[in-house]
Amino acid sequence: MGPLARMIVGYAADDKNIKPLVEGTLKATRLPAKVLFSTLGRTAARAIETKLVGDQLEPWFNELIGNIKKGDVRTWTRCNVPKAGQGRSMTEPPRGSLSHWIRIQDYKIANYQAVVPSTWNCSPRDRNNKRGPYEESLIGRS
């Protein structure tokens, strides 16, 4: 899932924050809804999602200030590293999927791996052994 999927689902669900922005974008560009399923649509979805997040900055900032006024000034929380364990985190920044993988042994990081959007967007080869965009751009260059 990415920004386009989130905007289309929000639009279809009549989300009060998303639907007016999608409709406004389509109206301003004089384009039909089918354009959403294109590169232009993905780019517009990222911009719309950025607007949605930007609209939340003031409420989040006010919540932070309220917490500070109540004495909550912690910027981190101590955690105890386990003797052994593993974990992962996955999220969806604007450029694509991002994941982090970790394995702990004897209270130390035994293995850590990040799979970043460039891994997906610019991979040397895809599952059909087709060259990725970076490798393809180097063909014939000296």
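The values are calculated or read from the model by the stated rules, or taken from the named source; none is laboratory data. Since we're looking at a predicted model, the values are computed, not measured. A quick note on method: Cβ atoms are made from the backbone with ideal geometry, for glycine too, and the neighbour counts reach across all protein chains shown.
Take the residues in segment 94-142 that are of a type in the set (Asp, Glu) and in a loop (DSSP other than H, G, I, E, B), then tell me which one is surrounded by the most Cβ atoms within 10 Å (Cβ to Cβ). Lay out the reasoning, then the answer.
So the first thing to find is which residues in segment 94-142 are of a type in the set (Asp, Glu), and the list is 106, 126, 135-136.
The next check asks that each one be in a loop (DSSP other than H, G, I, E, B); those that pass are 106, 126.
Values: 106: 7, 126: 10.
Per the stated criteria, the residue is 126.
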Which of the residues that make up segment 109-132 are closer than 24 Å to residue 86 by Cβ and touching a residue at least 24 places away in the same chain (Cβ under 8 Å)? 117, 120
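Here is a check on your reading of the model: is residue 91 closer than 25 Å to residue 121 by Cβ, modelled with pLDDT under 95 and among the polar types (S, T, N, Q)? Outline the logic, then answer.
Numbers: closer than 25 Å to residue 121 by Cβ: yes; modelled with pLDDT under 95: yes; among the polar types (S, T, N, Q): yes.
Yes.
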Take segment 1-45 and flag every residue that is under 25 Å from residue 98 (Cα atoms), buried (at least 17 other Cβ atoms within 10 Å of the Cβ) and of a type in the set (A, V, I, L, M). 4, 7, 8, 18, 36, 44, 45
Checking residue 77 against (1) within 30 Å of residue 133 (Cα to Cα); (2) modelled with pLDDT under 90; (3) hydroxyl-bearing (Ser, Thr, Tyr), which test does it fail? (1)
List every residue pair whose Cβ atoms sit under 8 Å apart, with the two residues 6 or more apart in sequence or on different chains, where the first one lies in segment 57-70 and is assigned to a helix (DSSP H, G or I) and the second, anywhere, is modelled with pLDDT of 95 or more and of a type outside the set (A, V, I, L, M, F, W, C). none
Condition first: under 26 Å from the mean Cα position of the chain (by Cα), part of a strand (DSSP E or B), over 30 Å from residue 20 (Cα atoms) and hydroxyl-bearing (Ser, Thr, Tyr). Can you find one or more residues in segment 73-93 that meet it? yes
